[in-house]
Amino acid sequence: MVMRLKVTILCLAGLLFFYAPLWAAPTLLIETHDYDFGEIVQGETFDYTFRFQNSGDQVLEISNVRSSCGCTAALLTERKLAPGVVGELKVSFNSRGFRGKVKKMVTFETNDPQHAEVTFALGGLVTAELYITPQRVNWGTAAKGQELVGILEIVNDSKRAVTLEPHVTSTDLKVKLSTETLAAGEKATATVTGRFADGKDRLAGYVLINTDSTSVPQLKVPFSARLKDMSE
């Protein structure tokens, strides 16, 4: 009886030894997936570090790190984490050109069967001290010789006056400001006109408003139009 019990125990131990590698696996334990940075001023860069741990009993491997926007950079401290080791994902969001609520994602893949793909989110509110609307103008189709007109509004929500200096990147565009010095809390308009150059069937260019604001040194609006096909 004793001998039979010993044999049974040895057999069970052998089975456990044989199947243990099949049960072993890395386990990703994440501190938080989502972080709200609150409110920042347009032009500022916000940095945050997401932390996670390999709580499993095999090496955790991380690959294919990618962000949802070129404005968001992501850096891993380690791509391979031994059991018990803590890793970090450092995320940096550049708010230049953004206004209002934003949310940016960073995703990576792991060899944890329960977390093959993991997404982290960084979001909040970006306020602008100086901004322009609309942010893009498409005049659609227009006839040859027709003058196209667009009105831009520039808002100064900062606490100081800002100087404005207009430029265009195309000879097809012209811009005129209602004022070159925009007081704190005030608005200004930029009247933009466009006309197709001879031999061209498309109009494209940018209106640039250079400023002396440290947070928003330049406002940029793309303009476009297409020459109407008279045979249509």
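Each reported figure results from applying straightforward, stated rules to the coordinates on display, with no laboratory input. Since this is a predicted model, take the numbers as computed values, not measurements. Here the Cβ positions follow ideal geometry from the backbone for every residue, glycine too, while neighbour counts run over all protein chains shown.
Values of log10 I(q)/I(0) for region 167-211 across q = 0.14, 0.31 Å⁻¹ run -0.41, -1.17, by the Debye formula with one identical scatterer at each alpha carbon and no solvent.
I need the P(r) histogram for region 47-175: all alpha carbon pairs, bin width 5 Å from 0 out to the longest distance, whole percents. Pair shares across the bins are 2, 8, 14, 14, 11, 10, 9, 8, 7, 6, 6, 4, 2, 1, 0. Note: relative contact order over the chain, using C-alpha pairs below 8 Å and six or more positions apart, is 17 percent. Only one residue of PHE52, LEU29, VAL65 has its Cα farthest out toward the positive end of the dipole of region 28-87, where Lys and Arg carry +1 and Asp and Glu -1 on Cβ, and that residue is VAL65.
Per DSSP helix of 4 or more residues, -39500 (n - 2.57); summed, then divided by the residues of the chain. What does that give at 222 nm, rounded to the nearest 500? Walk me through the numbers before you get to the answer.
Values: 1 runs with 22 residues, N = 232.
Helix-only estimate at 222 nm: -3500 deg cm²/dmol.
When +1 charges are put on Lys and Arg Cβ atoms and -1 charges on Asp and Glu Cβ atoms, the dipole computed for the chain relative to its Cα centre reaches about 320 debye. With a Förster radius of 41 Å applied to the beta-carbon distance between LYS159 and ILE30, the computed FRET efficiency rounds to 0.50.
For the residue pairs LYS200/LYS220; LYS101/LYS174; LYS176/LYS220; LYS90/LYS159; LYS174/LYS200; LYS144/LYS187, alpha carbon separations beyond 22 Å are given by LYS200/LYS220; LYS101/LYS174; LYS90/LYS159; LYS144/LYS187.
Computed from Cα atoms, the angle from the helix 2-23 axis to the main principal axis of the chain rounds to 10 degrees. Taking the centroid of alpha carbons for each part, region 114-183 and region 36-108 are 29 Å apart. Taking amide H as placed 1.01 Å from N in the peptide plane, THR181 has its amide H under 5 Å from the amide H of LEU164, each at least 5 places away in sequence or on another chain.
Only Cα sites of the chain enter the Debye sum here, all with the same form factor; the resulting log10 I(q)/I(0) across q = 0.11, 0.14, 0.15 1/Å is -0.77, -0.94, -0.99, listed in q order. With the charge dipole of the chain set up from +1 on Lys and Arg Cβ and -1 on Asp and Glu Cβ about the Cα centre, the Cα lying farthest toward the positive end among the listed residues ILE154, PHE120, ILE132 is that of PHE120. Taking θ as phi - 60° and the Karplus parameters 6.51, -1.76 and 1.60, the scalar couplings of region 144-152 work out to 4, x, 6, 8, 9, 10, x, 10, 10 Hz in sequence order, x denoting glycine and proline. The relative contact order of region 130-227 comes to 35 percent, based on Cα pairs under 8 Å that sit 6 or more residues apart.
Here the label points at SER178 and LEU227, each 7 Å from Cα along the C-beta direction, are separated by 3.5 nm in the simple model. Work out the length of the dipole vector of region 26-127 about its Cα centre, built from +1 on the beta-carbon of each Lys and Arg and -1 on the beta-carbon of each Asp and Glu, and round it to the nearest 20 debye. My answer is approximately 440 debye.
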